[in-house]
Amino acid sequence: MTTAITLATPADASKTLALIAAFHAEYGLDMTDEARAAALAPLLAGSPHGAVWLFGPTMAPTGYVIITFGWSMEMGGMDAFVDELYIRPPVRKRGIASEVLSAIAGSLRDVGVKALHLEVDRDDEATQRLYSRAHFKMRDRYALMTREL
């Protein structure tokens, strides 16, 4: 492993929020800075519902991943979801995402997580190839559906 990966804490809030804002801007996700901060704070404070990892140099991370936790009868216990994964554009296509996903998956497996899920755009073949290389598979029978509350 060549990429440093660190669990984010409340002290990392400002640099994490800057990365999240960049991700949201790139993908057209409409959320206020206040809403982002409110959603992030519990994860940085140790919420059992999820965690945030920063990767790259400590002072200027190159990206982040947010993992959230749930429970699945089908998977036989705790499962996790890659809620967001972002890498700054200048350092993409260097294997960082694969490295981070592999390390995080190994750590989650070691603490009993049974499955790691993620979303990918159906038309984004390059990202699908990245996730396939990281051992994710499309599920033939399932599509994610959402009801906002």
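For Ala45 and Val91, compute 0.36 nm times the residue count separating them, minus their Cα-Cα distance, and round to one decimal in nm.
Once the chain is fully extended between Ala45 and Val91, it gains 13.7 nm.
What is the gain in length, in nm to one decimal, between Val111 and Glu74 on full extension, counting 0.36 nm per residue of separation less the C-alpha to C-alpha distance?
Gain in length upon complete extension: 11.5 nm.
Could you name the lysines in cross-link range of Lys114, using Cα to Cα under 17 Å and dropping any fewer than eight places away on the same chain?
Straight-line reach from Lys114, under 17 Å: Lys137.
Under 8 Å for C-alpha pairs, at least 6 residues apart: give me the relative contact order for region 35-89, rounded to a whole percent.
Relative CO of region 35-89 lands at 25 percent.
So for the chain, averaging the separation of alpha carbon pairs under 8 Å that are six or more residues apart and normalising by length, what relative contact order in percent results?
On the way: 173 pairs, mean separation 28.1, N = 149.
Here the relative contact order equals 19 percent.
Rounded to two decimals, what is the ratio between the C-alpha radius of gyration of region 19-87 and 2.2 N^0.38 Å?
That works out to 1.22 for region 19-87.
Expressed in nm², what is the orientationally averaged projection area of the convex hull enclosing the Cα positions of the chain?
The Cα convex hull of the chain, projected and averaged over all directions, gives 9.6 nm².
What is the packing order of peptides 13-24, 126-137, taking the mean over residues of other C-beta atoms within 10 Å and listing the highest first?
On the way: 13-24: 16.7, 126-137: 13.8.
The packing order, highest mean first, is 13-24, 126-137.
All of the numbers you see were taken from the coordinates with simple rules; none came from a lab. Just so we're clear, the structure is a prediction, and the values are computed from it rather than from any experiment. Here Cβ is always computed from backbone atoms with ideal geometry, including for glycine, and neighbour counts include all displayed protein chains.
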